[in-house]
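Q: I have a structure I would like to understand better, so I am pasting it below and will then ask my questions one at a time.
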Amino acid sequence: MDIRSPKKNAVEELIHRRLRERGVISFEAFMEAALYHPESGYYAQGRSRIGKSGDFITSVSVGPLFGELLGFVFSEWLDSFVRGASPLLIEAGAGTGRLALDVLAFFCDYRPELFDKLEYWVLEPSTDNRRVQERVLGEFTEKVRWFDSWECIPEGGVDGVIFSNELLDALPVRLFQWDASAREWFEKGVTLGDDQLRFCRAPYVSAAEARDIVREWFEDSGITGGDSMFTSLPDGFILEVAQRAKQWWEQAAVRLRSGCLLTLDYGYLFDEYLCSLRTEGTLRSYKSHSLSADALRNPGEQDITASVNFSMLRQAGESMGLTSLPLLSQESFLVSAARRTMEAQAVFGEWTPPRMKQLKTLVHPEHFGSAFKVLIQKKDMNACV
């Protein structure tokens, strides 16, 4: 019987070719290719992975209320500091464009005086995703401009709101593991074994280099104290070092002249990571609404994420001159916004049964309410909540 291996897609072929050439690559390089390869990357294929027929649901897929509430909060912020200038919203990682549609529809329906002046910019490197977004945003395309990267947006030139929803958890990370007996860290790389992708100890990073990288990551998260910071961790403890997320936040922060920088995502303050419940780290993969046990399996065909380190983001923004607000759960953020809309129905509309049903899902602790957090930082603003 002729038993042949399943045909590999373009991203899997690329990874295997690199491994045959190099022997080992970093998990960060693997995750970059698996998610963002221009032809076969999970997020770069221009097709929806969200909803009942996809791999996961998001706050946006619950219904338009999430975008409407964000639009309401953004309108409050823009009212507080925009004086005559064109208000600007920048969304990074717009996915299908549905959130942009819901936010813009709110402004069009309830804040037309702001909508007339509003500019909406989308940061989107994928050409296929941009085509999807253009179709979804058809009625509002005259309001929207697309940019490939932060480099296209001038530093210190943004007066408005820069935001992302469930983006930073999907930026590639490096993996480091603690060897308690040797009292040292090592980087986890990816290699081939029997033509299968496997984790291994990366030979290109020494124990001293790994220790310095992890120590810097602790310090970037506001925890100092030398090697005593991690020597009490259990053997095998895995830490995701998300330098890409840190760089993204710094790039956003340096472009904000006045306004707010906001992200909604799942994650923790750094000291919450350092517990026995997370010995194996926070890396996880999703396929067809099920948690996958193997992040290396079928690259390009499953989602890969790691919880956001909000302490690191907060420190990074503050080092760029931003002021932090208290970290909120999505529940407290949205419930507070909903209460304010009920006192100002003229600029939000009636709370219909469908809206109430969506709100319950968005704030329920077993759905999105407690797992998702909201980090807000501001610059040169008096009001921002």
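Q: Could you grab the pairs with beta carbons closer than 8 Å, sequence gap of 6+ or different chains, first residue in the stretch 1-25 and on the phi > 0 side of the Ramachandran plot, second one buried (at least 17 other Cβ atoms within 10 Å of the Cβ) and at pLDDT 90 or above?
A: Taking only residues 6 or more apart or on different chains, the pairs are Gly23/Thr191.
Q: Taking Val158 as the residue in question, decide whether it is farther than 30 Å from Leu239 by Cα, in contact (Cβ under 8 Å) with a residue 60 or more places away in the chain and buried (at least 21 other Cβ atoms within 10 Å of the Cβ).
A: Criteria met by Val158.
Q: Further question: Can you pull out every residue in the stretch 242-294 that is aliphatic (A, V, I, L, M) and over 18 Å from Arg215 (Cα atoms)?
A: Across the stretch 242-294, the qualifying residues are Ala252, Ala253, Val254, Leu256, Leu261, Leu262, Leu264, Leu277, Leu283, Leu291, Ala293.
Q: Give me the residue from the stretch 304-347 that is in contact with a helix residue (DSSP H, G or I) (Cβ under 7 Å, 6 or more places away or on another chain) and either of a type in the set (D, E, K, R) or free of Cβ contacts under 8 Å to residues at least 60 places away in the same chain (or both) and, out of that set, farthest from Arg278 (Cα to Cα).
A: Once the filter is applied, the top-ranked residue is Val335.
Q: Please list, ordered by first then second residue, the pairs with beta carbon atoms under 7 Å, 6 or more apart or interchain, first in the stretch 51-78 and among the acidic types (Asp, Glu) and at pLDDT 95 or above, second outside any loop (DSSP other than H, G, I, E, B) and surrounded by fewer than 23 Cβ atoms within 10 Å (Cβ to Cβ).
A: These pairs meet every condition: Glu68/Asp102.
Q: I'd like the full set of residues that are touching a strand residue (DSSP E or B) at 6+ places or on another chain (Cβ under 9 Å), surrounded by fewer than 18 Cβ atoms within 10 Å (Cβ to Cβ) and farther than 15 Å from Ser311 by Cβ, limited to the stretch 249-286.
A: Once the filter is applied, which keeps residues that are touching a strand residue (DSSP E or B) at 6+ places or on another chain (Cβ under 9 Å), surrounded by fewer than 18 Cβ atoms within 10 Å (Cβ to Cβ) and farther than 15 Å from Ser311 by Cβ, the stretch 249-286 yields Arg257, Ser258, Thr279, Glu280, Leu283, Arg284, Tyr286.
Q: Okay, next question. Within the stretch 206-216, is even one residue under 23 Å from the mean Cα position of the chain (by Cα) and either surrounded by 13 or more Cβ atoms within 10 Å (Cβ to Cβ) or not in a helix (DSSP H, G or I) (or both)?
A: yes
Q: Of all residues in the stretch 105-145, count the ones that are more than 13 Å from Glu91 (Cβ to Cβ) and either in contact with an Asp or Glu (Cβ under 7 Å, 6 or more places away or on another chain) or among the small types (Gly, Ala, Ser) (or both).
A: Matching residues across the stretch 105-145 total 6.
Q: Residue check, Glu301 against (1) modelled with pLDDT under 90; (2) farther than 18 Å from Glu32 by Cβ, all met but one. Which one?
A: The single condition Glu301 does not satisfy is (2).
Q: Which residue pairs have Cβ atoms closer than 6 Å, lie 6 or more positions apart in sequence or on different chains, and pair a first residue in the stretch 179-198 that is part of a strand (DSSP E or B) with a second residue that is of a type in the set (Gly, Ala, Ser) and buried (at least 16 other Cβ atoms within 10 Å of the Cβ)?
A: The qualifying pairs are Trp185/Ala210; Phe186/Ala210; Glu187/Ala202; Glu187/Ala210; Gly189/Ser26; Gly189/Ala202.
Q: Look through the stretch 217-227, keep the residues that are part of a helix (DSSP H, G or I) and free of Cβ contacts under 8 Å to residues at least 12 places away in the same chain, and return whichever of them is surrounded by the fewest Cβ atoms within 10 Å (Cβ to Cβ).
A: Gly226
Q: Can you tell me which condition Glu366 does not meet? The list is (1) within 16 Å of Val73 (Cα to Cα); (2) assigned to a loop (DSSP other than H, G, I, E, B), and all the others hold.
A: The single condition Glu366 does not satisfy is (1).
Q: Can you name every residue in the stretch 225-246 that is out of contact with any helix residue (DSSP H, G or I) (no Cβ under 6 Å at 6 or more places or on another chain) and either within 24 Å of Leu168 (Cβ to Cβ) or of a type in the set (A, V, I, L, M) (or both)?
A: Phe230, Leu233, Phe237, Ile238, Leu239, Glu240, Ala242, Gln243, Arg244 - these are the residues of the stretch 225-246 that are out of contact with any helix residue (DSSP H, G or I) (no Cβ under 6 Å at 6 or more places or on another chain) and either within 24 Å of Leu168 (Cβ to Cβ) or of a type in the set (A, V, I, L, M) (or both).
Q: Now a separate question. What is the residue count in the stretch 228-248 for residues that are surrounded by fewer than 16 Cβ atoms within 10 Å (Cβ to Cβ), without any contact (Cβ under 8 Å) to a residue 24 or more places away in the chain and over 27 Å from Lys379 (Cα atoms)?
A: 2
The values are calculated or read from the model by the stated rules, or taken from the named source; none is laboratory data. Remember, predicted model here, so these are calculated numbers, not experimental data. All Cβ positions, even for glycine, are placed from backbone atoms using ideal geometry, and neighbour counts span all protein chains on display.
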